[in-house]
Amino acid sequence: MALDARRRVSHDTGMTEPTALTTRAEALSARLGVSRAAAELTLDAHVIDLHIDTLIPPRLWGYDPLRAHGPGLLRGHFFGHLDVPRALDGGLNGAMWSITTNPFRGARARWAVFQRNVARLKTLLEQGSAHIGLARTPREYRQVVASGRHAVMPAVQGGNALEAAPGGLDAVEADLLTRVTLVHLTSSVYGATSSPASWLRRDRGLSDAGRALIAQLNARRVFVDLAHIHPDAFWQAVQTHDRGLPLIATHTGVCGVRPHWRNLDDAQVRAIADSGGVVGIIFASAFLTRPGGPRGPECVVEHMEHVARVAGPAAVALGSDYDGAIIPPRALRDGVAYARLVDAMLRRGWSEAHIRGALGENFLAAFERLRTN
């Protein structure tokens, strides 16, 4: 289906023509093999993904995220999970599009590449302006979605991209970013990673540079993202962070379901919730599945349920990490398949209010707190 033919739904009012919503829901239900209730709820809710890496494939082999793609040769392994047509078809209203920079480059090279990647993102926004729009605030998000487009919220994966920037975050265009992940899969000038790479580093905490970056992020009202960070650095970041602002972890699992170096423990989950923030659950099977546990969308839902149990339902969000070199559960390897997650929630007895919260309303509430405090 051409992008221009897709139904535009107003989430400002929460209303749409019943026949149009029903038609879309019936088509999505048939395509995914889910209940019509799941499809309809997905298409009517705010669905916001806190972390996608769909800017990586265009740099690797010229993948066009504005064009609809099938499963491709990789069949949903590692890359090719998402594009704008599938986002719109599947009801994905907005996402944090991450600018991820190779950590093995030198500091000056990382900063130069980051600037080029920002320019590429702006070009993509211009080329796809009929179907995507820049959203740096909750108000801009609602305006873009009300126009029937997908809201692109720019983000940084790995603050080390900013290490050589003159003045750090001050060198980045004002109000461009919605969040910055302090570290990635390698430790950096800002602090230690949670990955096994931290074993090579004696100090696994937050550095003075990391504290300074947090101060800049707080001042600019940009989310401090605690995905990927070592526990020692995590707790130091919590102490450094402005207590009046929400923290966030955009794409992670939880140790309460699957103990793993990549996941957060219960105390970390509660710390984020206590700040008014949310925890986005990743779609990477390697961090989610437990012995004897489910292998489908339910493995994502299990982690969401654990967050709700230990920190309350308002702390739950989703952060797929689509196109971030992950292997999602088979039923979630296509970016149109968010309704399969909703279908699993309904079958496990979730209320509509809790589903809407997990899909995006919880995050929007945290975003509003960040920008108004």
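Quick note: the coordinates plus some simple rules give every number you see, no bench work behind them. All values derive from a computational prediction rather than experimental measurement. FYI the Cβ positions are ideal-geometry reconstructions off the backbone, even for glycines, and counts take in every protein chain you see.
Classify the stretch 169-313: rounded, prolate or oblate, from the alpha-carbon gyration tensor (a ≥ b ≥ c, eigenvalue square roots; a/c under 1.5 rounded; otherwise prolate if a/b is larger than b/c)? Since a/c reaches 1.5 and a/b is larger than b/c, the shape of the stretch 169-313 is classed as prolate.
Residues THR240, THR19, THR54, THR252, arranged from fewest to most other Cβ atoms within 10 angstrom of their Cβ, appear as THR19, THR240, THR54, THR252. Basic side chains Lys and Arg get +1 at the Cβ, acidic Asp and Glu get -1 at the Cβ, and with that the dipole of the chain about its Cα centre reaches some 540 debye.
Between ARG348 and ASP203, what is the FRET efficiency for a Förster distance of 41 Å, r being their Cβ-Cβ separation, to the nearest 0.05? Computed FRET efficiency for ARG348 and ASP203 comes out at 0.45. For semi-axes √(5λ) of the Cα gyration tensor in Å, the listed values are [x] 39, 22, 18; [y] 30, 26, 21; [z] 30, 23, 20; which was obtained by calculation from the structure presented? Among [x] 39, 22, 18; [y] 30, 26, 21; [z] 30, 23, 20, the one calculated here is [z].
Can you compute the FRET efficiency between THR372 and ASP170 using 1/(1 + (r/R0)^6), with r the Cβ-Cβ distance and R0 = 35 Å? Round to the nearest 0.05.
With a Förster radius of 35 Å, E is 0.95.
Ordering LEU245, LEU359 by the number of other Cβ atoms within 10 Å of each residue's own Cβ, fewest first, gives LEU245, LEU359. Beta bridges assigned by DSSP with both partners in the stretch 48-372 are antiparallel in approximately 10 percent of cases. Quick one: Kirkwood hydrodynamic radius for the stretch 230-373, alpha-carbon pairs, angstrom, one decimal? Result for the stretch 230-373 stands at 15.2 Å.
Full extension of the chain between ALA219 and VAL189 gives 8.8 nm of extra length, using 0.36 nm per residue less the Cα-Cα distance. So, in nm, how far is label ALA325 from label LEU66 when the simple model puts each one 7 Å beyond its Cα toward the Cβ? Placing both labels 7 Å beyond Cα along the Cβ direction yields 2.8 nm.
Residues PHE104, PHE367, ranked from the fewest to the most other C-beta atoms within 10 Å, line up as PHE104, PHE367.
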